[in-house]
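Visitor: One structure, pasted below without further comment.
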Amino acid sequence: MKKTLLLLIISCATSLAMAVNCKIQHLEPLHWWVGMQNTELQLSVHGENMGLCEASVNYPGVTITRQVKTDNPNYLFVYLNIEPNTKPGKMNITFKKDGKKYTSCKYELKARKENSAQRTSFDASDAVYLLMPDRFVNGNYKNDQVKGYKQGINRSNLGERHGGDLAGVISKVPYIADLGCTALWITPFFDNNDDAYSYHHYATGDYYSVDPRLGTNADYKKLADECHANGLKLIIDVVPNHCGGVHWWCQDKPAKDWFHEWPQYTGSNYRMTAWTDPHAADIDKTILEKGWFSYNMPDLNLENKELFTYLSQVYIWWIEYADVDGIRVDTYPYNDIRLASEFIKRFRDEYPNINIVGECWVKSPLEIAYYQSGNNNKDGFDSNLPSVMDFVLKDHLHTAFNEQDSWDFGMPRFYAHYAQDFAYPDVNNVMNFLDNHDIDRFSTAVKRDPNKFKMGIAHLLTTRGYPQIYAGTEIMIDGIPGNYEGHRYDFPGGWKEDSRNAFTAEGRTDVENDIFNYTRTLLRFRKDATALHTGKMKQFIPYDGIYLFARYNDNQTVLIITNNNNQEKSVNLERYKEVIGTYTKAIEVTTGKEYSLSEAIQVPGKSCFVLDLKP
């Protein structure tokens with residue numbers, strides 16, 4: 001009888017605690033750390049009538065500095081100051097309504113990893129591997145269908161989920177490292193329970209949860225650990241412009257101005273040039289910034305200070321939680337760029353050494369350079385982006401090898417492009433790429449010509465800046481031009497039911513193995529070739545379809561000779577003596593063949609020679 005009574009008392013107490021805690025539906029961040037550079041922490045508290053409450057804390061080193069209420073009585077934003085010497089532990093937060101206790105909760109402050117603020121990041125010495133988890137490897141078939149989630153898998157439809165997950169990515173980290181890449185960028189992984197196109201996860205439904213069809217929060221941390229164990233740096237994809245229409249905010253909006261809203265649906269005009277256009281109309285900039293990227297992606301209003309702080313804390317939380325090494329920023333110029341700059345500054349203030357590459361999809365070198373931090377822009381704007389993506393070089397790579405050389409076409413495209421590198425404050429911190437998840441596959445651009453494809457790989461891995469390889473490029477994977485889903489084919493062998501496994505030499509075709517070995521050889525050479533990291537670049541005006549540039553420093557010189565003709569050409573090296581200097585021979589990196597620098601070199605048609613010069 002006593003035992004039954006005790007169980008009843010325990011059951012009642014547990015039920016009471018659950019009833020009290022259920023008044024708080026969301027308390028975010030999930031936890032925090034002591035010893036952060038920024039001592040202020042915003043707690044976002046959501047639940048019935050929480051905005052009618054006052055919070056109090058009794059914990060050494062922690063004080064409430066202000067409490068912000070919005071026009072929605074279900075939200076309270078509590079700002080804490082956490083002094084530098086505060087000890088880790090769990091603190092009790094009490095919420096009173098009308099002077100009476102309404103609810104309470106425990107909140108944990110964890111010990112921060114030593115030297116977390118000084119973490120190293122990716123740089124010009126790195127080669128970045130990009131993948132979309134849903135299209136890479138299915139490592140856990142148990143999460144293909146999750147109860148309560150609208151979409152399972154349907155690999156016969158490019159617009160639906162295919163079942164790749166974090167477990168699959170983790171299993172292939174050694175493959176990525178062996179390929180010669182030294183950093184990994186995966187597209188977003190947050191919860192997204194939409195009824196269509198949920199596979200890409202750029203429409204977030206919950207910022208503090210890995211989508212269960214991709215795995216768990218612990219799986220993401222395990223991915224970071226596996227990357228570090230294999231010499232890879234992990235890059236997180238940050239999306240400040242929009243969330244998903246399935247985010248719980250949309251069921252109970254935190255404030256009237258949380259999103260950019262219109263009388264009727266208004267999409268962005270996608271014309272990012274409006275920010276740098278001195279003649280731009282205000283209405284065009286307004287629609288660019290406040291128009292929605294897509295009908296199912298509510299446009300976030302970063303002018304709302306609570307949202308601004310909330311969102312910046314999200315990514316700091318993941319960086320601390322999983323020990324992330326770097327950041328890629330999605331759709332940067334779709335925001336008010338001055339707010340975007342302040343947003344990025346939050347990360348640089350917390351992590352002074354972190355590298356952040358921004359997606360600024362503009363169409364001239366001067367526009368791209370405008371967005372690299374440190375540029376002396378006439379309007380005084382500084383993006384706070386240490387790195388930017390070279391979309392213009394991508395365009396030239398997609399066209400030049402298909403053209404016959406003339407004044408403006410073929411190899412002169414590269415010459416004219418690099419001649420504008422004066423615009424960049426740090427040209428070595430520019431991300432170069434042949435393709436990614438948003439653009440046509442390079443294989444389709446060169447019509448699956450292996451020789452042209454290898455020319456693109458050679459340029460990508462030797463030019464100034466650092467390269468990004470998109471999963472499957474190493475085997476010349478196919479695609480559908482002009483189609484988002486057509487850029488996002490599954491990696492062959494990532495599913496147990498696949499007819500072949502292109503992660504192995506045995507599972508690749510002869511052509512795929514040729515491309516793979518070529519790419520791997522150059523990537524592995526680049527890892528130790530300091531001239532290709534931060535070395536100077538010198539280029540020579542192209543003549544007769546021959547283009548030569550050099551990367552060099554005090555210890556190494558690498559010559560890249562491109563023959564854009566269909567037939568073999570004899571290249572006399574006399575004209576290039578100023579970069580050859582006293583070197584007498586060269587090793588062609590992809591073949592291992594030795595050449596004398598005192599003689600003309602025969603370069604086959606539609607090919608690149610990557611020559612490592614030797615005394």
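The values are calculated or read from the model by the stated rules, or taken from the named source; none is laboratory data. What you are looking at is a predicted structure, and each value in this text was computed from that prediction instead of being measured. Counting neighbours? That spans all protein chains shown, and the Cβs are built from the backbone with ideal geometry, glycine included. With ligands, DNA and RNA removed, areas are computed over all heavy atoms of the protein, side chains included. Shrake-Rupley method; radii C 1.70, N 1.55, O 1.52, S 1.80 Å.
Visitor: Any chance you could count how many residues in the range 202-225 are outside any loop (DSSP other than H, G, I, E, B) and under 27 Å from R348 (Cβ atoms)?
Guide: 11
Visitor: Here's a follow-up. Could you please let me know if A196 is open to solvent by 20 Å² or more (accessible area, probe 1.4 Å), more than 21 Å from A502 (Cβ to Cβ) and touching a residue at least 24 places away in the same chain (Cβ under 8 Å)?
Guide: Spelling it out, A196 is indeed open to solvent by 20 Å² or more (accessible area, probe 1.4 Å), more than 21 Å from A502 (Cβ to Cβ) and touching a residue at least 24 places away in the same chain (Cβ under 8 Å).
Visitor: Let me ask something else about it. What tally of residues in the range 566-603 results from selecting those that are without any contact (Cβ under 8 Å) to a residue 60 or more places away in the chain and assigned to a loop (DSSP other than H, G, I, E, B)?
Guide: Number of matching residues: 15.
Visitor: Of S209, S171, which residue is closer than 30 Å to R520 by Cα, free of Cβ contacts under 8 Å to residues at least 40 places away in the same chain and among the polar types (S, T, N, Q)?
Guide: From the options S209, S171, the qualifying one is S171.
A quick yes/no check of all residues on (1) charged (D, E, K, R); (2) under 26 Å from W249 (Cα atoms); (3) open to solvent by 40 Å² or more (accessible area, probe 1.4 Å); (4) in contact (Cβ under 8 Å) with a residue 60 or more places away in the chain:
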| position | (1), (2), (3), (4) |
| --- | --- |
| H31 | no, yes, no, yes |
| L41 | no, yes, no, yes |
| N72 | no, yes, no, yes |
| L80 | no, yes, no, no |
| T86 | no, no, no, no |
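Visitor: Right, next: Which members of the range 33-78 meet the condition of being of a type in the set (V, I, T) and either outside any loop (DSSP other than H, G, I, E, B) or closer than 19 Å to Y102 by Cβ (or both)?
Guide: Within the range 33-78, V45, V57, V62, T63, I64, T65, V68, T70, V78 meet the criteria.
Visitor: Another one. Do you know which residues across the range 476-488 are β-branched (V, I, T) and under 22 Å from the mean Cα position of the chain (by Cα)?
Guide: Passing the criteria: only I477.
Visitor: So for the range 531-542 (the condition being among the aromatic types (F, W, Y), open to solvent by 10 Å² or more (accessible area, probe 1.4 Å) and not in a helix (DSSP H, G or I)), does at least one residue qualify?
Guide: Yes, some residue in the range 531-542 is among the aromatic types (F, W, Y), open to solvent by 10 Å² or more (accessible area, probe 1.4 Å) and not in a helix (DSSP H, G or I).
Visitor: Return the only residue of A445, A471, A458 being touching a residue at least 12 places away in the same chain (Cβ under 8 Å) and touching a Pro at 6+ places or on another chain (Cβ under 9 Å).
Guide: A445
Visitor: Continuing with the same structure: From the set of residues in the range 287-304 that are part of a helix (DSSP H, G or I) and open to solvent by less than 30 Å² (accessible area, probe 1.4 Å), which is farthest from R346 (Cα to Cα)?
Guide: L288
Visitor: Among helices (runs of 4 or more DSSP H) lying entirely in the range 346-450, which contain 3 or more residues that are surrounded by fewer than 21 Cβ atoms within 10 Å (Cβ to Cβ)?
Guide: Per the criteria, 391-399, 411-418.
Visitor: Select from the range 582-605 the residues that are of a type in the set (G, A, S) and surrounded by 13 or more Cβ atoms within 10 Å (Cβ to Cβ) and write down the one among them that is nearest to P412 (Cα to Cα).
Guide: Among residues in the range 582-605 that are of a type in the set (G, A, S) and surrounded by 13 or more Cβ atoms within 10 Å (Cβ to Cβ), the one nearest to P412 (Cα to Cα) is G605.
To keep it simple, each residue is scored yes or no on (1) of a type in the set (A, V, I, L, M); (2) at pLDDT below 95; (3) open to solvent by less than 50 Å² (accessible area, probe 1.4 Å).
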{"site": "V210", "(1), (2), (3)": "yes, no, yes"}
{"site": "G215", "(1), (2), (3)": "no, no, yes"}
{"site": "L234", "(1), (2), (3)": "yes, no, yes"}
{"site": "H242", "(1), (2), (3)": "no, no, yes"}
{"site": "W248", "(1), (2), (3)": "no, no, yes"}
{"site": "Q251", "(1), (2), (3)": "no, no, no"}
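Visitor: Mind listing just one residue for me: the one in the range 238-251 that is over 18 Å from P29 (Cα atoms) and part of a helix (DSSP H, G or I) and, of those, nearest to the chain's Cα centre (by Cα)?
Guide: C250
Visitor: So, of the residues in the range 261-281 that are touching a residue at least 40 places away in the same chain (Cβ under 8 Å) and open to solvent by less than 20 Å² (accessible area, probe 1.4 Å), which turns out to be farthest from N301 (Cα to Cα)?
Guide: M272
Visitor: Let me ask something else. Kindly establish whether K96 is more than 34 Å from the chain's Cα centre (by Cα) and within 23 Å of A255 (Cβ to Cβ).
Guide: Yes; evaluated as a whole, the condition is true for this residue.
Visitor: Only one of these conditions is not met by L307: (1) under 18 Å from C360 (Cβ atoms); (2) surrounded by 21 or more Cβ atoms within 10 Å (Cβ to Cβ). Which number is it?
Guide: Looking at each condition in turn, L307 falls short on (1).
Visitor: Does D478 satisfy being crowded, with 22+ Cβ neighbours inside 10 Å, at pLDDT 95 or above and farther than 28 Å from L559 by Cβ?
Guide: Taking the combined requirement at face value, the residue does not satisfy it.
Visitor: How many residues are open to solvent by 70 Å² or more (accessible area, probe 1.4 Å) and aromatic (F, W, Y) when one looks only at the range 543-570?
Guide: Qualifying residue count, the range 543-570: 1.
Visitor: For the structure I just gave you, tell me whether I235 is assigned to a strand (DSSP E or B) and out of contact with any helix residue (DSSP H, G or I) (no Cβ under 9 Å at 6 or more places or on another chain).
Guide: Here the answer is yes, as I235 does meet what is asked.
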